Amino acid sequence: MTNKFDYISIKTEYGKQFASENLNLQPNHKIFIMKMRIYHAMIASSLFFAGCSDNIDENLPETDQGTGLPPVETNAANTNYSPAFPGQTRVNGVKTVTPYQVTSLATSLSSPWGITSMPDGRLLITQKGGTMRIATSTGTLSNAITGIPAVNSSGQGGLLGVCLDPQFSSNRMIYWVFSENVAGGNQTSVAKGKLSASETAIENATVIYRANPSANVGTLHYGGRIVFDNTGNLLVSTGERSDLSTRPLAQSVTAALGKILRITKDGTPAAGNPTFTQSGALPELYSIGHRNPQGLAIHPVTGELWQSEHGPRGGDEINRVQGGANYGWPTITYGIEYSGATIGAGIQQQTGMQQPAYYWDPVISPSGITFYRGNNIPEWQNNLFIAALSGKHIARLVIQNNVVVGEERLLADENQRFRDITQGTDNALYAVTDEGRLYRIRKQ
């Protein structure tokens, strides 16, 4: 049921801690179901449901069309923690009314981790073991692309997130994140290189950034997503490496662990980064207080950064990331230790720390994310799609005015650990799974 690369046990004060992306523990606690009605002030933001009313329950009030279903999560929560605001968890369900089709295009990828769309409609895919492959929109796979610096593929490590230079059509530059063996242990690193004309190798691969300090504490929580922002700089997510000795570094501005970083194409701190006032603050920091962030996406309308993050036992998060903000880990969390013990003081709110826009308990293990920018399926426009690992589905979140107002689970019957998702140039969604599959989701 779990992927052999990711189900790792390591020592903690209670004897075991597991990779959060592999657990969906459900003890016999009371079922905690949050049912809320959608605020009437959001009517103006729900226009993308127009034209679909013939297919929606006419008994629902106008503001609830498409969002009047029960929450999709029905299993018991791990905690009795209360959300900070209505709809922060277990929001009402939604259901896509436009007919769509799901096609399994390929089944022979080797532990794919990242996927991004190429200008000509093909897809560039990273494989955990250290190679890349190109897939056509019909699923034909290239041979493995080589020339990539060696990765440490143990545990959750390997060749991770990938993105293309905005000028890829002319410069053929690719940027990626990987787990690297270095003096003192291993770490999350960022590299770049040029795709050869033959598309068989990466030329002049160069490591442009290393998230210090390195740590010899295991092979968990590297983070690993990378995207370009609207100014042409790179945003990179790093994990806090899971161990109790490194966990507090998520709150330290002198360490690059448990952070969102903003760097140039050469790996230097980007101009205009927020200023953290504490002594010794790294100039590349964009936000702090993250656990294991494996998804980054830019909102197509606001240009803001959104992020997915693995919680421990409960407390998976979706965050709207603001520069200079602190997202709380490990001081505040909606999860608990895998042993069942509270984390820290067992609090969920603290002044100066941001609340997640949405969270899950029990976990779904959210990995790669993407916003739907197309209009092929009208009600999906500007929705956030999340590849869920232990949840074994693709989560669709309807977001209005930065508030999650509906959730749907797609492709749950495929029984796959979804690792990443992107939108193609054809307006279809493409997703990869740990089991080696490539899916296409598009209008029927």
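Read the figures in this text as sums done on the coordinates, not as results from a lab. All values reported here derive from a predicted model rather than from experimental measurement. Using ideal geometry, Cβ is built from the backbone for each residue, glycine included, and neighbour counts are taken over all protein chains shown.
Share of Cα-Cα pairs in segment 163-204 beyond 14 Å, in percent?
54 percent
Please work out the Kirkwood hydrodynamic radius for segment 322-444, using every pair of different C-alpha atoms, and report it in angstroms with one decimal place.
One decimal place: 16.1 Å for the Kirkwood radius.
Using every Cα-Cα pair within segment 228-267, state what percent have a distance larger than 10 Å.
Percent of Cα pairs beyond 10 Å in segment 228-267: 69.
Looking at this model, which pairs from Lys128/Lys443; Lys128/Lys259; Lys265/Lys392; Lys95/Lys392; Lys259/Lys392 are more than 28 angstrom apart at the alpha-carbon?
Lys128/Lys443; Lys265/Lys392
What shape does segment 300-382 have by the C-alpha gyration tensor, where a ≥ b ≥ c are the square roots of the eigenvalues, rounded means a/c under 1.5, and otherwise prolate means a/b greater than b/c and oblate the rest?
oblate
Got the relative contact order for segment 297-444 handy, in percent, Cα pairs under 8 Å and 6 or more residues apart?
Computed over segment 297-444, the figure is 17 percent.
Take each of the peptides 396-409, 361-374, average the number of other beta-carbon atoms within 10 Å over its residues, and list them starting from the highest.
In decreasing order of mean packing, 396-409, 361-374 become 361-374, 396-409.
Return, for the Cα atoms of segment 184-235, the radius of gyration and Dmax in Å, separated by a comma.
In order Rg, Dmax, the Cα atoms of segment 184-235 give 14.0, 40 Å.
Under 13 Å from the Cβ of Val190, count the other residues' Cβ atoms, weight Lys and Arg +1, Asp and Glu -1, and hand me the total.
Computed value for this residue: +3.
Provide the net charge surrounding Ile174, with neighbours chosen by a C-beta distance below 9 Å and charges set as Lys +1, Arg +1, Asp -1, Glu -1.
Its environment carries a net charge of +2.
Take the alpha-carbon positions of segment 314-361, form their convex hull, and give its projected area averaged over all directions (one quarter of the hull surface) in nm².
3.3 nm²
Give me the net charge of Val404's neighbourhood, meaning all other residues with Cβ under 12 Å from the Cβ of Val404; Lys, Arg count +1, Asp, Glu -1.
Its environment carries a net charge of 0.
Please label the shape of segment 255-410 as rounded, prolate or oblate, based on the square roots a ≥ b ≥ c of the eigenvalues of the alpha-carbon gyration tensor (a/c under 1.5 means rounded; beyond that, a/b larger than b/c means prolate, else oblate).
Since a/c reaches 1.5 but b/c is at least a/b, the shape of segment 255-410 is classed as oblate.
Any chance you could tell me what percent of the C-alpha pair distances in segment 235-317 go past 16 Å?
Taking all Cα-Cα pairs of segment 235-317, the fraction more than 16 Å apart is 54 percent.
Let me see the P(r) profile for segment 131-235: every Cα-Cα distance counted, bins of 10 Å, each bin given as a percent of all pairs.
15, 44, 32, 9, 0
Give me the distance between the Cα centres of segment 403-444 and segment 351-397, rounded to whole Å.
11 Å
Going by the alpha-carbon gyration tensor, a ≥ b ≥ c the square roots of its eigenvalues, is segment 154-312 rounded (a/c under 1.5) or, if a/c is not under 1.5, prolate (a/b greater than b/c) versus oblate?
Cα axes put segment 154-312 in the oblate bin.
How high is the FRET efficiency between Asn75 and Val301 when r is their beta carbon distance and R₀ equals 35 Å, given to the nearest 0.05?
0.55
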